[in-house]
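Trainee: One structure, pasted below without further comment.
The values are calculated or read from the model by the stated rules, or taken from the named source; none is laboratory data. This structure is a prediction, so every number in the text was calculated from the model and none was measured. Methodologically, a virtual Cβ is constructed for each residue, glycine included, from the backbone with ideal geometry; neighbour enumeration extends over all protein chains shown. Surface accessibility is based on the protein's heavy atoms, side chains included, excluding ligands, DNA and RNA. Shrake-Rupley method; radii C 1.70, N 1.55, O 1.52, S 1.80 Å.
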Amino acid sequence: MATSGAGDHGQGQGQGHGRFASSLTARYSDWVLETLDELPGSFLLTDPALPGHPIVYASRGLAALTGYAPRDVLGRNARLFQGAATDRATVAGVREAVRAHRPHQAAILNYRRDGAPHWVLLHLAPLFHARDGTLLHFLAVQVPIAPAAVARGATCHTTGHLLAACRDEASRVAEDFPCATHAGKVFVDMDKRGLETEEPRVPSDSEKDMAISTANSIVSALNSYSKLTGLVVSRKRCDSIGIPALSSSLKLSLGRIKQSFVLTDSRLPNMPIIYASDAFTSLTGYSREEILGCNCKVLNGPGTSLEVLEEACTVDLLSYRKDGSSFCDHLHVSPIRDASGKVAFHIWVHLDMGAKHDFSGLTPEKWLLGAVGAVRVAVRGLSASGSLLRPSQ
């Protein structure tokens, strides 16, 4: 029952852990803990804004998996699950994901409270304020890996030949947060318990799907309470403040294009999305309100292998929808120049290769290029008259 779960967390609050529970209740509601207690799965939430990046919520499933009751882990760093045989390279990868505020999946050898080692698939996801991009929490889902699990990698991977004009965007935009000094402290520093090691295990596709499904349920639960406070949680950092507002004439022209595409502005930090077509929102599950201000990496996930490209390029990759499901994405990226020849935008045209399409007799490549041509005509025509942006801009 939810009451007993809430009581367990309530006992933790009575023992001085109230500030950890308030990390959630202050942002959502006093009832959010009961809702989280009802969710299946082994997971925890940490708050990077608090010193030491402590655990502020631990599920019943985590207690069953690890032997640690919620009151035993609240306020502690998540490295308490690591031991002598936990792989340092794996920990370093998790630590880097935390510092970069990006999602991450890894098979890792953890330890239960009784000292027994066990392999889990760790699914790590940062949670952001959907409106301003503020980092709120980290979600860590643990799915036990079966001994006989066999890896079944994604069948869709990067196969397109990257043109010489494609370049790697090596540097990320710096993101300053007051909590930055604590964000890198989760899942680090091995304690020496001298326990035996096990042969590495590989998570199955079903175990990966279970981790994603659990994460989706948690985010949905948090957002169900966000309506009370106006706080909407997103696993992708987006900020629509400051992006240019396109003119109604340009939006009307772009709205006639049937392909799935977005426009980004390379003149702004992190190349934010400034327009998304109807077909794109249908393909990915993201609304325009959610996607505007995001970088195109919003579709990236654990199985994505893609360099961010500035010049024209066509590539196949594994992309992810809002609900966590993946699709084989035939992507074309190209600069869009205005009437003066300057690059105004970049277009990213997406084609789901696993779906049925009516190309009207065209090849997939020509179908993608058709969207590029239509956008170029619209942009060049309106830029010549100074009608790309709203007059107030």
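Trainee: Quick one: which residues, 5 or more positions from TYR275 or on another chain, have an amide H under 5 Å from its amide H? H modelled 1.01 Å from N in the peptide plane, none for Pro or chain starts.
Mentor: Placed amide hydrogens put LEU263 under 5 Å from TYR275.
Trainee: Arrange the peptides 210-219, 362-371, 334-343 so that the one whose residues have, on average, the most other Cβ atoms within 10 Å appears first.
Mentor: Peptide ranking by packing, descending: 210-219, 362-371, 334-343.
Trainee: For a protection proxy built on the mean count of beta-carbon atoms within 10 angstrom, sort 326-333, 80-87 highest first, please.
Mentor: Ranking the peptides 326-333, 80-87 by packing returns 326-333, 80-87.
Trainee: Could you run the Debye sum over the Cα atoms of the stretch 248-383, one equal point scatterer each and no solvent, and tell me log10 of I(q)/I(0) at q = 0.20, 0.21 Å⁻¹, two decimals?
Mentor: -1.29, -1.44
Trainee: Step through the table entries LYS208/LYS251; LYS322/LYS342; LYS208/LYS258; LYS251/LYS366, compare each Cα-Cα distance with 30 Å, and write down the pairs that go over it.
Mentor: Details: LYS208/LYS251 39 Å; LYS322/LYS342 33 Å; LYS208/LYS258 33 Å; LYS251/LYS366 23 Å.
Where the Cα-Cα span goes over 30 Å, the pairs concerned are LYS208/LYS251; LYS322/LYS342; LYS208/LYS258.
Trainee: Summarise the accessible area of the stretch 248-383 (1.4 Å probe, protein heavy atoms) by the percent that is carbon and sulfur. Numbers along the way, then the final one.
Mentor: Details: 3070 of 5790 Å².
Carbon and sulfur together cover 53 percent of it.
Trainee: Let me ask something else. Mind ranking GLU38, GLU199 by accessible surface for me, highest first, 1.4 Å probe?
Mentor: Of GLU38, GLU199, the descending order of accessible area is GLU199, GLU38.
Trainee: Which whole-Hz ³J(HN,Hα) couplings does the stretch 110-124 yield from phi under the Karplus relation 6.51 cos²θ - 1.76 cosθ + 1.60, θ = phi - 60°, glycine and proline marked x?
Mentor: With the stated coefficients, the stretch 110-124 comes to 10, 10, 7, 4, 7, x, 6, x, 7, 8, 9, 8, 8, 10, 9 Hz.
Trainee: Charges only on Cβ, +1 for Lys and Arg, -1 for Asp and Glu: so what's the dipole of the stretch 248-383 about the Cα centre, in debye to the nearest 20? Each step should come with its number before you reach the end.
Mentor: On the way: 14 positive and 14 negative charges, 93 e Å.
With Lys and Arg at +1 and Asp and Glu at -1, about 440 debye.
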